[in-house]
Structures are given as structure tokens and as C-alpha cells.
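The values are calculated or read from the model by the stated rules, or taken from the named source; none is laboratory data. Since this is a predicted model, take the numbers as computed values, not measurements. Neighbour counts run over all protein chains shown; Cβ positions are idealised from the backbone, glycine included. Side chains are part of the model used for accessible areas, which takes the heavy atoms of the whole protein and leaves out ligands, DNA and RNA. Shrake-Rupley method; radii C 1.70, N 1.55, O 1.52, S 1.80 Å.
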Amino acid sequence: MGEGGDGSSKPTPYEDALDALSSLITKRSRADTSNNGDCFELLSDYVKILELEEPISQLKIIHVAGTKGKGSTCTFTESILRHCGFRTGLFTSPHLIDVRERFRLDGVDISEEKFLAYFWWCFERLKEKASDDIPMPSYFRFLALLAFKIFAAEEVDVAILEVGLGGKYDATNVVKAPVVCGVSSLGYDHMEILGNTLGAIAGEKAGIFKPGVPAFTVPQPDEAMCVLEEKASELNVPLQLVRPLDANLLNGFKLGLEGEHQYVNAGLAIALSSTWLQRTGHLEVPYPERTTSLPEQFIKGLTATVSLQGRAQIVPDNNESPEDLVFYLDGAHSPESMEVCARWFSLSIKDDSQEKILSCQPLDTSRSSHDLVQRNPDGKSRKNSTQILLFNCMSVRDPQLLLPNLMKTCASHGVYFKKALFVPNTSVYNKVGSHSLPATDSQVDLSWQFALQRVWENLMLGDKAGGNEKSTGAVFEELTDDKEMAVRSCENSAVFPSLPSAIKWLRDSVQKSQSVRFQVLVTGSLHLIGDVLKLIKK
């Protein structure tokens, strides 16, 4: 923030742009279609206003939909083609800290200078033409239009687009002739919009299929696969099933993104990349699925350190004792992804029981988890570890599906949470940018957090009744008196009025318990992940 003539804070040009962008956010549920700005048919009007019809048609696009893994698939695909020597544009969502994360050129977030130039070019033209019949586009649709403008103006060789929600009516689906399409793993999510069955969800995702354009997908539940095949047949789309990548093809290297599930996404990325190369004249035929080797550029692209924050990411607290408070971040928010998250967390803390997070290192949120750890000289953990859950999810999601999957999967690996902390998101839905974070706790409705707490306490009671409780030490016996910041603390959980108050409690607890190391799983919401990253970077 700059200083005004009267000593008051003056917004920076970038903050001015974020304020303008915030004006496009509504507090309505995404299932509410009452706003004309959400009408899919209006996208063609916006494209015409911005004179993007021809530029979009000239882009050589890879379009990816899915429930889980579409962001990872897009990230791998971009990295492969960049290592093949092409100028890349990548559009993903949501962002966690800075809106510019959504727009990457050659693997790097767009610069603030370029963002401002393209942002105002689009915003002012749309504002000038706005009317009752053609209102300003909603938040995500504006960002998608901005992505098209950026990639066209920057003359990228390939534009990789991650669908925001669904497929058929997503803003990215103004693309009429992509080079190739992909559908990552499907599951139950956004059911209030996409439907209550896997078949209905698959039908929405298949909405990105275009006549004659090849498409790829990964192994799916039968109900979903049948719908994808039916939609593909209707449009004469050659749909192929891609198997997970064989780790042996990486010549001993590790994937750049953590988790066993990433081999599924990597396999899809290889198919998309090789098909794009073939259809754009850079390869005679696509690489076969059952190949015995991969080109060096593909291996480099898959194993390079790629940045996808909030997915299987381990970050030490940027405070006095970073090795004693470690955050395990994963934005899982569907039943299936919650199981994957729980499995990753359980395996990670077991690996880490013989390791130590690098201390005295500045926080680098772009580094993957295996960059952040090293062996202790004696090969043993110096402190006892206690696992804590920090959780929030959107109220449209069912905690009765999310929390049991998380608890049971962790328990099956011998991992038991000593305490679960429930918080509201710091992010507010009518504002973007870190400057919008409230400086102090405000009055918030915590009824949803109390509902989450009840689900957790009931699960814990059932777990104990079944004789599965495992003690993780008496650390909280001496901490439970320190409740001034907790709205309601139960035996196994606590509700905090804000995320900053929960983080403060964790840091205070670390100071009080010198013999214990806290491993905090943060999950349930990508918004929550972004909030945590903002706070622990300070």
C-alpha cells in the first residue's frame, strides 16, 4: 500500500484492479442461475465485444475436464510441452494466494505489469458495452475471457485450459475446435449443479467433447464410462482409455507432483501431449500407450519441479520453530479425493517419522514435499509427533461423506488425530487479494463449523466404542485449559472464530510443548489452503 498526501494508505494499481475484479463476485450460490451474467449464451456476446472470435479460433488448445486431477493433468501437460520447446499458456483455477496464479506463461505466473495491461483492456471494454441485456460477466467468466486475451496476445504455441466447473456450460467451453480433450478421474462433487449421479456428472464433463476431436480419459466407474462413451459416439469422437504411467518409464526419477494418484494424471498428460504434437504436425504418430520408453523431454517435463500449490504439499511454519509445526496441505473436497488425501498424509508422516523438516529455511511454497525434508544425522525423530486436523468445507458438501472417509483411511494406516480444529475460511467471497484479509476477528456465523464439529465428535465416539482409539500422548491434557480463543472446545475438537486464532493457538501450543512436534493436516477446501499459506508466509 502506498501513502496518500494525508498519510492515509493509498491502494496500489494492482489492488485497484483486484477491487474491480471483486465487483464481479456475487454472494449467490453457484447453483443459483438468477443472474443474467451467468447465462452461457452471453459468452458469445462477450467474445465479440472483446474481438476474440478469430484469436480463439487460432489458438491450439488442450481442454481438460474432470472431478479430480484435472489441474495436475494440465500442469504435467504444460511442463511436457514446454520442455519440448513450445511457448505455453496455462489457465487453471482456483488461485490460492494471488489471482495471477491462474495465468501462466512458459510455466511462470503472468507478471503484474502484463496482468494489469490485459485486465484493464478487457474490463473497460466490457464495462463500456454493459447493459441490462448484456451485464458484466460473472467473476470466473471474466477470468476465462481474460485468459483467452492473454494467450492470444502473447502468441502462445499451445493453450492448456482447465475447466472450472462441469464442462458443458463452463466459460472455457466457448472453444469450438480444440486440438484434443481430456477427462480426468470422475467422482461426486458439485452435485447441486452437475447432478446426483456419476452418469449425470459424466454427461456434464463430456460437454467439452467436440465433433471429430480426439479425447482421452482414465479408468472410470462403469456408470461414468458408459456415459462418456455414449456422448463420444454421438459426436464421432475417438475416445481412448489411458492407463496410469508405469513408474519404470521415468528412469529412476520421481514425478514432480506428490502422490501415487499422480501416475494416473501423468498417463493422461502423456496422451494429451503426444496427440497435440501429432495433430499440430510435430510428430508423425502419437506415442502408443504401452510404450517401452519415453522421450527425454517427456521425462523432464513429468519430473521437473512443478508448482501446484495446495495439492499434497508440505510446508513448515514460517515462525520461531518451523520444524515443530508442519502443515500438510491438500485441497481435497470430495469423498474420493479425501481418501487419497488421507492416504498421502498417513504415508508422508510415516516417512517423516525418520526425517526432519529443514530448519532455518525461508518458506518456499513452490517446493514439493520431498524438497523440504532430510534425514536426521541419527536417523531418528527427535520429538514425539501429534497429528491434528484443521478443516473446513463448503456447506453444499456433506461432511458425513468427507470426514468418515478421512478418519477411516487414516486409521487403516495407524494414524489417529488428537484434535480436530474447525474454522471459517478467512477469504471472503466478495473480495479477492491478500489486502482484503480482515485484520481482526469479525462476527461470523459459526453454525456450519459447529455442525462439522458434531459430525467429528460422533465419529470419535463411535471409534472409541469400537475399541480403536489410540493415544498419541498427553500433550493436550496440559493445553485444554487454554481455551480463550476457542468458541467451543470438546474432548476431540474445537471451533475457532477465525483461522488466525487457530494458527495462533497452534503456535502457542508448540511453545508450551517443547517435546512434541505438531503435524497438521489442512484439508476440505482450497480456499482454506490458500488462507493458511497467506498466514504462515507472514
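Residue by residue through the range 233-248, note down the ones that are outside any loop (DSSP other than H, G, I, E, B) and closer than 22 Å to Lys70 by Cβ.
Across the range 233-248, the qualifying residues are Leu239, Gln240, Leu241, Ala247.
Among all residue pairs at least 6 apart or on different chains, which show Cβ distances below 6 Å where the first residue, located in the range 485-496, is open to solvent by 50 Å² or more (accessible area, probe 1.4 Å) and the second is part of a strand (DSSP E or B)?
Val487/Val495; Arg488/Val495
So Ile503 fits all but one of (1) assigned to a helix (DSSP H, G or I); (2) modelled with pLDDT under 90; (3) open to solvent by less than 30 Å² (accessible area, probe 1.4 Å); what number is the exception?
Tallying (1) assigned to a helix (DSSP H, G or I); (2) modelled with pLDDT under 90; (3) open to solvent by less than 30 Å² (accessible area, probe 1.4 Å), Ile503 fails exactly one: (2).
Take the residues in the range 132-145 that are of a type outside the set (A, V, I, L, M) and within 15 Å of Glu41 (Cβ to Cβ); name whichever of them is most open to solvent (accessible area, probe 1.4 Å).
The extreme case among them is Asp133.
Within the range 263-281, identify whether any single residue is free of Cβ contacts under 8 Å to residues at least 40 places away in the same chain and closer than 18 Å to Pro219 by Cβ, and answer yes or no.
Checking the range 263-281: at least one residue is free of Cβ contacts under 8 Å to residues at least 40 places away in the same chain and closer than 18 Å to Pro219 by Cβ.
Of these, Lys383, Lys356, which one is among the charged types (D, E, K, R), at pLDDT 50 or above, open to solvent by 30 Å² or more (accessible area, probe 1.4 Å) and over 23 Å from the mean Cα position of the chain (by Cα)?
That would be Lys383, the only listed residue that is among the charged types (D, E, K, R), at pLDDT 50 or above, open to solvent by 30 Å² or more (accessible area, probe 1.4 Å) and over 23 Å from the mean Cα position of the chain (by Cα).
Among the listed residues Val432, Val428, which satisfies the condition of being modelled with pLDDT under 90 and crowded, with 19+ Cβ neighbours inside 10 Å?
The conditions single out Val432.
Collect the residues in the range 105-116 that are open to solvent by less than 40 Å² (accessible area, probe 1.4 Å) and farther than 11 Å from Glu154 by Cβ, keeping them in residue-number order.
Matches in the range 105-116: Gly107, Phe115, Leu116.
Just give me the residues in the range 215-244 being farther than 16 Å from Val180 by Cα and open to solvent by less than 20 Å² (accessible area, probe 1.4 Å), in sequence order.
Across the range 215-244, the qualifying residue is only Ala224.
The rows are residues; the columns are (1) open to solvent by 20 Å² or more (accessible area, probe 1.4 Å); (2) modelled with pLDDT under 95; (3) under 15 Å from Met136 (Cβ atoms); (4) of a type in the set (A, V, I, L, M).
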{"residue": "Ser9", "(1), (2), (3), (4)": "yes, yes, no, no"}
{"residue": "Ser23", "(1), (2), (3), (4)": "yes, yes, yes, no"}
{"residue": "Ala31", "(1), (2), (3), (4)": "yes, yes, no, yes"}
{"residue": "Asn36", "(1), (2), (3), (4)": "yes, yes, yes, no"}
{"residue": "Phe40", "(1), (2), (3), (4)": "yes, yes, no, no"}
{"residue": "Leu50", "(1), (2), (3), (4)": "no, no, yes, yes"}
{"residue": "Glu54", "(1), (2), (3), (4)": "yes, no, no, no"}
{"residue": "Ser57", "(1), (2), (3), (4)": "yes, no, no, no"}
{"residue": "Ile61", "(1), (2), (3), (4)": "no, no, no, yes"}
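Tell me which of these Ile97 doesn't satisfy, since it passes every other one: (1) under 14 Å from Ile62 (Cβ atoms); (2) in a loop (DSSP other than H, G, I, E, B); (3) touching a Gly at 6+ places or on another chain (Cβ under 6 Å).
Against the list (1) under 14 Å from Ile62 (Cβ atoms); (2) in a loop (DSSP other than H, G, I, E, B); (3) touching a Gly at 6+ places or on another chain (Cβ under 6 Å), Ile97 comes up short only on (1).
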